[in-house]
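Below is one structure, written out as structure tokens; comments come after it.
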Amino acid sequence: MTKKAKNSSTKKDNKEKWKILEIDPLLKKYYEDDINLRMDNYEKKKKELLKGKKRISDFANGHNYYGFIKVKTGWYYREWAPNADRLYLMGDFNDWNRRSHPLKKNENGDWEIFIKGIRSLPHESFVKVVVVANGVEKDRIPLYANRVIQVQNPDGSYDFKAQIYNPRKFNWKDQGYKKKKIDIPLIYETHVGMAQEKEGIGTYKEFEENILPRVKKLGYNTIQIMAIMEHPYYGSFGYQVSNFFAPSSRFGTPKDLMSLINTAHQMGIKVIMDIIHSHAVKNTIEGINEFDGTDYQFFHSGPKGNHPAWDSKVFDYGRNGVIHFLLSNVKYWMDEFHFDGFRFDGVTSMLYHDHGLGTSFDSYDKYFSMNTDTDAVTYLQLACELCKEINPNSLLIAEDMSGMPGMCLPIKDGGIGFDYRLAMGIPDFWENTTETDDWNWDIYKMWYELTTKRPKEKTISYAESHDQALVGSKTIMFRLADQDMYWHMRKDDDNINIDRSIALHKMIRFSTISLANGGYLNFMGNEFGHPEWIDFPREGNGWSYKYCRRQWSLVDNKDLKYEYLNNFDKDMIEFIKKEDVLEKDTIQLWIEQDRKILAYKRGDLIFLFNFHPVYSFENFNLPVHENGNYEIVFSSDRKKYGGFERVKEGSVFETHELIENDYIGITIDIPNRSVLVLKKK
């Protein structure tokens, strides 16, 4: 994808077709050929893959052909291993005989064996496949295994084994879940393993019983679950995937995960998954790397196939077999587990040959250059189209910090097809800002960071996610209050620093969500200011789970101030939903650095922030540009939020002419470190 891409058939036939060129005139002027090339690549690859099929969902069915497929008379087991010399199936069913069950090689590099009798492969029995390639024999996990477990051998060593998972069919009770559309995704980012308070690994069932009711009560309408795909290293947060079709066995069975999703849907909560198609774990014992004896079955060959920052393997998105595997993976999670969509991890890493490492995307030339992996762009388009075929209301989010033009525009308009992009600059801004004294907070930069977006493309705003809570960083509340959180969070303990921290924590969240351009995300526990960081068990901490959990007892304790922040978050979410805030246009009303005032209008609501550390302002004249009466309908200074009740809610302010600037406005008192919302009556 280069700036000098010459005329393509797409450009000649559809010169005025792509709406992205109308939305962004700069693309029309300088990069029209690049957009045409993008769409040419997509259309050519789609035609090449479908071969007469009408839909991508008719193509992405590897999970229904490969792996262990039960039929009336027995089992088929199939693998895609084009460069292997021989394959043998072994397991509990044949006393781990390494040669008694050879697979036969068919066309297209496929291998197959039929095992007679539906009871020949018992439920929960263990299996492996012996792969012989280049004179080397290795025991491998089947590529499409839907359950993989680390087991202890008789000699005390540990091994990874696939398990035949064939329970009774799950009884779904979420009819109509695909029809449910969420206009404003309010996302609760979660990790099943660390969602419990115990010093250990939580389960799907515990999450279903203990955490889903909390999410429902808080008002979030979507959960985003991390670390679902099987991964050997717990501390990777699920980002080093070994088995793409297996839910993590650490948390329970696949049926347990189905139950979690089923219950969430019955609660009216959408469930999206953190899907990892940007790379894979390099391990060969339990992963897919070098499965058929080559380094290029799934990944780029040689150094190009190694991710320099993540110590993992990089997919070759130009290979049709890889596309088939990954698209089948997308469909599998939606069909089998009823996931409502995905947050695609590491999209920036996928889009560029240098993975975006050290690149400052300060010019459109950075998006359309020899550094752009056009095969990855095409794959992402195909994946987005597939999701929308399966479920038109699926929710698709790209973790892209580069801001690739068209990432969140429909494919028919020349885009890549995602619904939202994570606004990754916002948490970076808040992290840097909270490192400074709030006397020095830059209100102009705040407005810029919270409102900047690509035209017509939606984003998910967030003040902090799991990234800001990991060891090496701090949550916003912990960054603001630091060690005072250990000693001064009782409600009967007055502490200036805690008062400051609670006030700013609320304002940071409310400004972030109320200026969001599409949706909002919060990581579990951060809504009530969870203290400390996340530290997975590792050698450096004695393999402790002390910091790899959520201390819900803190917010449940009525004597502690964590309840204040939880109350605020709940009411904030309810207010945003009730007033349809994120569906309305944003108009700036006032920005002032000296007094640290920020005011803006969304629909008939006025949001008025006073970030000043000390000064409250009496008789502040705020231009509103529209005659009427404005009532205070929300205040962060409520006592139930840890505030001081300095605002009389329900007060009505009549507009009048502001003499000093000939504007129509209101005159109002604004307490320091607070936010007020007024609504036109």
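The values are calculated or read from the model by the stated rules, or taken from the named source; none is laboratory data. It should be emphasised that the depicted structure is a prediction, and the values quoted were computed from it without experimental measurement. Positions of Cβ are backbone-derived with ideal geometry, glycine not excepted, and every protein chain shown enters the neighbour counts. Areas reflect the complete protein model, heavy atoms only, side chains present, ligands, DNA and RNA absent. Shrake-Rupley method; radii C 1.70, N 1.55, O 1.52, S 1.80 Å.
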Residue set 160, 207, 244, 251; condition buried (at least 22 other Cβ atoms within 10 Å of the Cβ) and farther than 30 Å from residue 290 by Cα; output residue 207
Within the stretch 240-283, the residues that are among the aromatic types (Phe, Trp, Tyr) and farther than 21 Å from residue 328 by Cβ are 251
Screening 139, 155, 92, 110 for residues that are open to solvent by 70 Å² or more (accessible area, probe 1.4 Å) and not small (Gly, Ala, Ser) leaves only 155
- Task: Please indicate, with yes or no, whether at least one residue in the stretch 71-82 is surrounded by 15 or more Cβ atoms within 10 Å (Cβ to Cβ), closer than 21 Å to residue 146 by Cα and of a type in the set (Lys, Arg).
- Result: yes
How many residues of the stretch 659-681 are open to solvent by less than 70 Å² (accessible area, probe 1.4 Å) and in contact with a Pro (Cβ under 6 Å, 6 or more places away or on another chain)? The answer is 1
Just one listed residue, out of 634, 644, is surrounded by fewer than 16 Cβ atoms within 10 Å (Cβ to Cβ) and under 40 Å from the mean Cα position of the chain (by Cα), and it is 644
Can you say whether residue 615 is within 24 Å of residue 430 (Cα to Cα), open to solvent by 50 Å² or more (accessible area, probe 1.4 Å), hydroxyl-bearing (Ser, Thr, Tyr) and not in a strand (DSSP E or B), as far as the supplied structure shows? yes
- Message: Quick check on the stretch 360-378. Is at least one of its residues at positive phi, open to solvent by 10 Å² or more (accessible area, probe 1.4 Å) and not charged (D, E, K, R)?
- Response: no
Here the residues within the stretch 444-467 that are under 16 Å from residue 522 (Cβ atoms) and either open to solvent by 20 Å² or more (accessible area, probe 1.4 Å) or β-branched (Val, Ile, Thr) (or both) are 459, 460, 467
Flagged in the stretch 473-509 as among the aliphatic types (A, V, I, L, M) and either under 16 Å from residue 560 (Cβ atoms) or open to solvent by 40 Å² or more (accessible area, probe 1.4 Å) (or both), in numbering order, are 477, 481, 485, 489, 496, 498, 502
ask   = Does at least one position in the stretch 194-207 carry a residue that is under 24 Å from residue 393 (Cβ atoms), among the basic types (Lys, Arg), part of a loop (DSSP other than H, G, I, E, B) and in contact (Cβ under 8 Å) with a residue 60 or more places away in the chain?
value = no
Restricted to the stretch 314-359 and to residues being basic (Lys, Arg) and touching a Leu at 6+ places or on another chain (Cβ under 8 Å), the residue least open to solvent (accessible area, probe 1.4 Å) is 343
Out of (1) over 20 Å from the mean Cα position of the chain (by Cα); (2) not hydroxyl-bearing (Ser, Thr, Tyr); (3) not in a helix (DSSP H, G or I), the one residue 485 does not meet is (3)
Within the stretch 591-611, residues within 13 Å of residue 443 (Cα to Cα), open to solvent by 10 Å² or more (accessible area, probe 1.4 Å) and part of a strand (DSSP E or B) come out as 591, 592
Of 287, 293, the only residue that is surrounded by fewer than 24 Cβ atoms within 10 Å (Cβ to Cβ) and not hydroxyl-bearing (Ser, Thr, Tyr) is 293
**Prompt:** Taking the stated definitions as given, is residue 188 more than 30 Å from residue 81 (Cβ to Cβ), part of a loop (DSSP other than H, G, I, E, B) and under 21 Å from the mean Cα position of the chain (by Cα)?
**Reply:** no
Any chance residue 147 is open to solvent by less than 90 Å² (accessible area, probe 1.4 Å) and closer than 17 Å to residue 252 by Cβ:
yes
Taking the stretch 403-444 and keeping only residues that are over 19 Å from the mean Cα position of the chain (by Cα) and of a type in the set (D, E, K, R), one is left with 412, 413, 431, 435, 437, 438, 442
Counted residues in the stretch 30-61 being of a type outside the set (Gly, Ala, Ser), farther than 17 Å from residue 317 by Cα and open to solvent by 10 Å² or more (accessible area, probe 1.4 Å) come to 10
Within the stretch 136-178, residues out of contact with any strand residue (DSSP E or B) (no Cβ under 9 Å at 6 or more places or on another chain) and touching a residue at least 12 places away in the same chain (Cβ under 8 Å) come out as 136, 167, 170, 172, 173, 174, 178
Residue hits (the stretch 607-656; touching a strand residue (DSSP E or B) at 6+ places or on another chain (Cβ under 9 Å) and among the hydroxyl-bearing types (Ser, Thr, Tyr)) are 616, 630, 635, 636, 641, 651, 655
For residue 121, the lone unmet condition from (1) out of contact with any Lys or Arg (no Cβ under 9 Å at 6 or more places or on another chain); (2) assigned to a loop (DSSP other than H, G, I, E, B); (3) more than 18 Å from residue 247 (Cα to Cα) is (1)
Among the residues of the stretch 133-159, the number that are out of contact with any helix residue (DSSP H, G or I) (no Cβ under 8 Å at 6 or more places or on another chain), part of a strand (DSSP E or B), at pLDDT 95 or above and not small (Gly, Ala, Ser) is 5
